[in-house]
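Worksheet: one structure, shown below.
No value in this document is a laboratory result; all are computed from the given coordinates. Please read all numbers here as calculations on a predicted model, not as lab measurements. Heads up, the Cβs are rebuilt from the backbone with ideal geometry, glycines too, and the neighbour counts pull from every protein chain shown.
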Amino acid sequence: MSIRYDDQVAIVTGAGNGLGRSHALALAARGAKVVVNDLGGDVHGVGGSASAAQAVVDEIIAAGGEAIANGANVCKADEVADMVAKTMDKWGRIDILINNAGVLRDKSFAKMTLEEFNFVTNVHLTGSATCSKAVWDIMREQNYGRIVMTSSSSGIYGNFGQANYGAAKLGVVGLMNVLCIEGAKNDIRVNALAPTAATRMTEGLMPQEATDLLTPESVTAGLLTLCDRDAPNRTILCAGAGGYAATKIYETPGVYLAPEDQTPEKVRENMAAITAADNQQEYMQGGQQTMKFVGYAASHFGIKM
Ligand code: NAI
């Protein structure tokens, strides 16, 4: 069955260019009413103009869809609140939020100022939290919501020169982990996309042959599965050039060390067993780790839990 968003309202941040534009066009083509948000700055977050968002809205309308442009800066709670209020005035609900807006300020950590660190984490992490917070109560009241964070392999695995970006991009995964627990009872599902696509953000980084394969549309096909009615919850979907994979975080079983062995020397001695991947597990709540460790200790002391 084809995936549709009829009668649904979506906000896509940073949708004036690149991936966000592609997401907005595809959501609208499949029936969603779309708020095309973009403050219109350059790739470093400098400057601003409404024309990028408006151009995408014009494209959607020309194709027979419904969309409005919005120039809110995702880091500014008052501007985001105004965007949400205007969306509610016009369409009365918000089903989907795609936190996509982003900037780069790449430098080695040695050369990066704290201002550059904070600027980037502010757009990606605080911006995602600000927009999610602004729609949260609406989604709770509707008993329906789909939120997608935009992560990155830079955060999941690391990339030279991207301490600010990488920290923010794994930060949104932490935000996802908590929001999907808190949103579950109101059918709010939260997922993350780790894309790789040729956009202005990646200009000059790859040879033309690779660039031609890394289409935003191939990433958007994955994104659309994270925000429809049958979306998963808490999936990190990686997508690029038609390849689709999932990133998962596992914990090894580890070892238990008796009180007399709880020393750094013994921990180091046991590192191979601690890090052995056999029987590793994916946890759905932080408390599961605590219960595992308490369980080991309790069984050592013969305590019934
Ligand atoms: P892009 O630079 O083409 O688009 C980002 C858009 O966000 C721009 O239109 C920009 O004006 C807007 N924006 C920036 N700051 C904003 C703010 N404070 N408020 C509202 N809008 C703002 O970049 P691209 O490649 O399309 O990236 C989209 C998302 O995907 C970003 O979060 C990026 O970090 C992420 N990503 C992209 C990858 C890629 O290979 N292109 C790889 C991994 C992640």
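Considering Cα pairs under 8 angstrom that are at least six residues apart, work out the relative contact order of the chain and quote it in whole percent.
The value is 14 percent.
Mind running the shape call on region 9-247? Use the C-alpha gyration tensor, a ≥ b ≥ c as the square roots of the eigenvalues: rounded below 1.5 for a/c, prolate if a/b tops b/c, oblate otherwise.
rounded
If each residue's Cβ is checked for other Cβ atoms within 10 Å, how do D228, D278, D58, D7 rank with the fewest at the top?
D278, D7, D58, D228
Extending each Cα 7 Å along its Cβ direction at Y296 and D230, get the distance between those two points in nm, one decimal.
4.1 nm
Kindly list the residues of region 190-215 that lie in the label zone of F160, defined by a backbone N under 16 Å from the point 7 Å along the Cα-to-C-beta vector.
Counting only backbone N, you get 205-206.
What is the fewest-to-most order of M291, M176 by other Cβ atoms lying within 10 Å of their Cβ?
Going from least to most buried by this count: M291, M176.
Provide K266, K33 in ascending order of the number of other Cβ atoms located within 10 Å of each residue's Cβ, fewest first.
Ascending Cβ contact count within 10 Å gives the list K266, K33.
Can you bin region 259-301 into rounded, prolate or oblate? Criterion: square roots of the alpha carbon gyration tensor eigenvalues sorted a ≥ b ≥ c, rounded for a/c under 1.5, prolate for a/b above b/c, oblate for the rest. All intermediate terms of the calculation are to be shown ahead of the outcome.
Working: a/c = 2.30, a/b = 1.27, b/c = 1.81.
In terms of gyration-tensor shape, oblate.
I need to check one value: relative contact order of region 1-120, counting alpha carbon pairs closer than 8 Å and at least 6 residues apart, in percent.
Details: 220 pairs, mean separation 33.9, N = 120.
Relative contact order of region 1-120: 28 percent.
Sum -39500 (n - 2.57) across every DSSP H segment of at least 4 residues in the chain, then divide by the residue count to get the 222 nm mean residue ellipticity, nearest 500.
-13000 deg cm²/dmol, from helical runs alone.
Just want the answer: with Cβ charges of +1 for Lys and Arg and -1 for Asp and Glu, which residue in V74, T196, G286 is farthest toward the dipole's positive end in the chain?
Towards the positive end, the residue furthest out is G286.
Starting from the exponent 0.38 and prefactor 2.2 Å, build the expected Rg for region 1-113 from its residue count and divide its actual Cα Rg by it.
In units of the 2.2 N^0.38 Å rule of thumb, it is 1.12.
Calculate, for A110 and Q289, the FRET efficiency according to 1/(1 + (r/R0)^6) with r their C-beta to C-beta distance and R0 41 Å; round to the nearest 0.05. Before the final figure, lay out the partial values.
Numbers: r = 34 Å, r/R0 = 0.83.
About 0.75, to the nearest 0.05.
Loop-only chymotrypsin sites (Phe, Trp or Tyr not before Pro) in region 87-129, please: DSSP not H, G, I, E or B, and at most 16 other Cβ atoms within 10 Å. Mind dumping the intermediate values first?
Working: sites: W91, F109, F117, F119; in loops: F109.
The qualifying sites are F109.
Need one word for region 124-263: rounded, prolate or oblate. Basis is the Cα gyration tensor (sqrt eigenvalues a ≥ b ≥ c); a/c below 1.5 gives rounded, then a/b vs b/c decides. Write out the running numbers ahead of the final one.
Values: a/c = 1.90, a/b = 1.13, b/c = 1.68.
Since a/c reaches 1.5 but b/c is at least a/b, the shape of region 124-263 is classed as oblate.
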